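Enquirer: Quick one: the structure is below, questions incoming.
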Amino acid sequence: MPSKITKRGKTRWLACVKRNGQRVQKLFDTRTEALNWEAEARNHVDALPVSIPTASLGEWANKYLNYSTTKFDNLTFREKRDVFKRFFSMVSPDIPVDDFAAKDALAYLQAQTERRTGHAANKDRKNLVAAWNWAIKFHDFPLNPFIKVERFAETRHPRYVPPEDDFWRVYEVAEGQDKVMLFSYLHLAARRTELFRLTWADVDFANECVRLGTRKRRDGTLEFDLIPMTSELREELRDWWETRPVKDTSFVFVCLDETAFTRSYYGKPFEKRQHLMERLCVRAGVKPFGFHAIRHLTASTLYHAGQPVAVIQAILRHKSPATTERYLRSLGLEHTREALESVLVKKGPARVIPFVKQEAPKALTSGA
């Protein structure tokens with residue numbers, strides 16, 4: 001039976017029949033025309049076109065999301081899934097990809113700019129371009145309609161960096177494991193998921209270093225870097241190793257709540273912890289900030305203390321010093337280019353902390 005498709009106020013009917021186990025589709029202005037075409041196509045199989053149309057937009061999205069579950073971490077996967085949810089709130093998933101043009105991509109992204117922001121539209125564009133390029137590579141899709149849409153103007157504001165005093169006020173109202181976690185974020189400049197996946201095998205007390213794994217690299221591969229552990233952090237983690245209530249887990253930070261809602265997660269590593277920082281900030285009486293803002297605070301503190309950009313690059317674990325420069329600029333810090341040039345040009349090779357690349361995780365002594 002034909003399916004109804006409405007786009008930008010215009011209704012059309014998608015007729016569909018199967019040939020050799022594959023679908024053949026065609027759009028019509030009226031339901032009657034679609035029904036007649038289906039009936040004629042079933043009675044005259046040889047009259048059907050030999051070439052089979054490409055998949056529908058919905059099939060494209062499902063295939064790409066299935067691929068994304070194994071390629072990207074949970075945070076990136078959820079971002080891509082949410083993009084498709086917004087996309088299909090405006091565009092029918094039944095439309096064949098051959099019928100989706102650049103003007104349709106522009107209409108969707110323009111609507112996102114008007115309803116949300118230019119920055120939000122550009123993020124959707126980035127994800128949809130990547131998804132279509134993947135389909136071109138593996139499913140012989142037509143030219144990418146999203147890539148033809150130019151990026152929208154953005155009003156970018158500096159990222160919020162909490163004052164150092166606010167961090168310590170939040171630290172003081174935290175308890176137990178939360179205190180250790182906050183301290184670790186500050187001293188390692190870690191990303192949220194990096195501490196969530198941290199295991200005791202990654203903590204080397206003997207050599208005073210911590211191994212952090214990240215997928216924030218171009219191909220999504222989980223890569224590991226060794227980060228020097230400060231003496232204060234070593235003391236905090238050593239105390240937590242000895243006093244932690246759950247001994248039969250390899251993860252450093254796990255769910256310890258025993259409420260009815262979280263009981264099934266007890267002893268398991270965190271995935272989100274959405275409301276912890278909000279609650280702590282309210283208790284401390286400071287402007288709310290999240291885990292990633294602590295990474296900003298570490299970078300900002302090092303910069304204002306006069307540390308060269310190359311050192312900050314090593315601590316943030318950026319592959320390129322240009323990435324660090326952009327990162328510092330996003331925090332509202334000035335003169336990063338001059339600092340970068342003074343480190344990398346005038347003084348010769350940059351002084352970067354030598355991190356050891358780990359091809360695959362291997363146990364590190366945690367009881368030394």
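The values are calculated or read from the model by the stated rules, or taken from the named source; none is laboratory data. Here the structure is a predicted model, which means the values were calculated and not measured. We place every Cβ from the backbone using ideal geometry, glycine too, and count neighbours over all the protein chains shown.
Enquirer: Please specify each residue of segment 281-298 satisfying the condition of being of a type in the set (A, V, I, L, M, F, W, C) and out of contact with any Lys or Arg (no Cβ under 9 Å at 6 or more places or on another chain).
Expert: Scanning segment 281-298 gives 282, 289, 294, 297.
Enquirer: Evaluate the following for residue 167: is it part of a helix (DSSP H, G or I) and over 30 Å from residue 240 (Cβ atoms)?
Expert: Judged against the criteria, residue 167 is not a match.
Enquirer: Of all residues in segment 238-270, which are of a type in the set (A, V, I, L, M) and under 11 Å from residue 177 (Cβ atoms)?
Expert: Correct list: 246, 252, 254, 256.
Matching residues to (1) outside any helix (DSSP H, G or I); (2) modelled with pLDDT of 85 or more:
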| position | (1), (2) |
| --- | --- |
| 242 | no, yes |
| 249 | yes, yes |
| 258 | yes, no |
| 261 | yes, no |
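Enquirer: Would you mind listing the helices (runs of 4 or more DSSP H) fully within segment 267-318 where at least 3 residues are assigned by TED's automatic domain parsing to the domain that holds residue 251 and either closer than 17 Å to residue 191 by Cα or touching a His at 6+ places or on another chain (Cβ under 6 Å) (or both)?
Expert: Helices (runs of 4 or more DSSP H) meeting the threshold: 291-304, 309-316.
Enquirer: In segment 84-91, is there at least one residue being assigned to a helix (DSSP H, G or I) and modelled with pLDDT under 95?
Expert: There is no residue in segment 84-91 that is assigned to a helix (DSSP H, G or I) and modelled with pLDDT under 95.
Enquirer: Taking segment 102-121 as the search range and keeping residues that are touching a helix residue (DSSP H, G or I) at 6+ places or on another chain (Cβ under 8 Å) and of a type in the set (S, T, N, Q), which one is surrounded by the fewest Cβ atoms within 10 Å (Cβ to Cβ)?
Expert: Step by step, filter segment 102-121, then rank; the result is 110.
Enquirer: Identify the single condition in (1) part of a helix (DSSP H, G or I); (2) touching a residue at least 60 places away in the same chain (Cβ under 8 Å) that residue 98 does not satisfy, given that it satisfies every other one.
Expert: For residue 98, the exception is condition (2).
Enquirer: If you check 185, 108, which single one turns out to be in the same structural domain as residue 223 (by TED's automatic domain parsing), more than 19 Å from residue 330 (Cα to Cα), aromatic (Phe, Trp, Tyr) and outside any loop (DSSP other than H, G, I, E, B)?
Expert: Selected residue: 185, the only one of 185, 108 that is in the same structural domain as residue 223 (by TED's automatic domain parsing), more than 19 Å from residue 330 (Cα to Cα), aromatic (Phe, Trp, Tyr) and outside any loop (DSSP other than H, G, I, E, B).
Enquirer: I want to confirm something. Restricting to segment 234-248 and keeping residues that are touching a strand residue (DSSP E or B) at 6+ places or on another chain (Cβ under 8 Å) and surrounded by 14 or more Cβ atoms within 10 Å (Cβ to Cβ), which single residue is farthest from residue 75 (Cα to Cα)?
Expert: 241
Enquirer: Could I ask something else about it? Failed condition for residue 99, given (1) buried (at least 17 other Cβ atoms within 10 Å of the Cβ); (2) among the acidic types (Asp, Glu); (3) modelled with pLDDT of 95 or more, with all others met?
Expert: (3)
Enquirer: Here are some conditions: (1) at pLDDT 85 or above; (2) aliphatic (A, V, I, L, M); (3) under 21 Å from residue 182 (Cβ atoms). Residue 314 meets all but one. Which one does it not meet?
Expert: Single failed check for residue 314: (3).
Enquirer: Out of everything in segment 249-285 that is farther than 18 Å from residue 203 by Cα and β-branched (Val, Ile, Thr), what residue ends up being surrounded by the fewest Cβ atoms within 10 Å (Cβ to Cβ)?
Expert: For segment 249-285, the residue satisfying everything is 259.
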